[in-house]
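The values are calculated or read from the model by the stated rules, or taken from the named source; none is laboratory data. As the structure is a prediction and not an experimental result, all values here were calculated from the model. Using ideal geometry, Cβ is built from the backbone for each residue, glycine included, and neighbour counts are taken over all protein chains shown.
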Amino acid sequence: MAVAKFVHETMDNSTWVSLEEAASVAHYCPGHFSTFFHKHVGVSFAVWQFTLRMKRAEDLLVHNEWMPLSAVGNAVGYASASTFAHAFKRYAGINARQLRWFIRGRPAQAADLSEVERLDYAYGRAMREKETCRV
């Protein structure tokens, strides 16, 4: 799909794609594109783009531990570190530092985070395991 390619290219430039831009690439008017996209993908264009960027942020956080959180946010289109932090927390249920801590203790899971159904639950279990090991 040309729209997906366009979004991936703009994500590399750290910019967001508006619904109007995506509709133009697909040769639709914005209203029809929105309906078509939701019907075929199952979520709105905005939710899809947000999820795509957060998955890219997850990848950067896990595989580039040297990269500051603000740089990760910039890389996925957030000008403000705090805005990125709030968005990531809304997406994953845990903050970016917690994700890095979680992966540091489980390097095998870093290869494929998609196997972890809910990061916030997995992080909570890891914290409980850590506390029981101390006792």
*Go through (1) assigned to a helix (DSSP H, G or I); (2) aromatic (Phe, Trp, Tyr); (3) modelled with pLDDT of 85 or more and name the single condition PHE102 misses.*
(3)
*asked:* Among (1) surrounded by 16 or more Cβ atoms within 10 Å (Cβ to Cβ); (2) within 20 Å of PHE102 (Cβ to Cβ), there is one condition LYS55 misses while meeting the rest; what is its number?
replied: (1)
*Condition broken by GLU65, with the remaining ones in (1) without any contact (Cβ under 8 Å) to a residue 12 or more places away in the chain; (2) over 23 Å from VAL17 (Cβ atoms) satisfied*: (1)
*Identify all residues within segment 40-52 that are hydroxyl-bearing (Ser, Thr, Tyr) and either touching a residue at least 24 places away in the same chain (Cβ under 8 Å) or under 16 Å from ARG97 (Cβ atoms) (or both); write none if there are none.*
THR51
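If you take the residues in segment 68-83 that are part of a helix (DSSP H, G or I) and touching a residue at least 24 places away in the same chain (Cβ under 8 Å), which one is surrounded by the most Cβ atoms within 10 Å (Cβ to Cβ)? Please lay out each step first, then the result.
Here is the first cut: in segment 68-83, the residues part of a helix (DSSP H, G or I) are 69-75, 81-83.
Checking which are touching a residue at least 24 places away in the same chain (Cβ under 8 Å) leaves us with 69, 72, 74-75.
Working: LEU69: 19, VAL72: 22, ASN74: 16, ALA75: 18.
Per the stated criteria, the residue is VAL72.
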*Taking the stated definitions as given, is ASN13 assigned by TED's automatic domain parsing to the domain that holds ARG100 and either farther than 20 Å from TRP101 by Cβ or at pLDDT below 90 (or both)?*
no
*List the helices (runs of 4 or more DSSP H) that sit entirely inside segment 1-43 and contain at least 1 residues that are touching a helix residue (DSSP H, G or I) at 6+ places or on another chain (Cβ under 6 Å) and over 30 Å from ALA71 (Cα atoms).*
19-26, 30-41
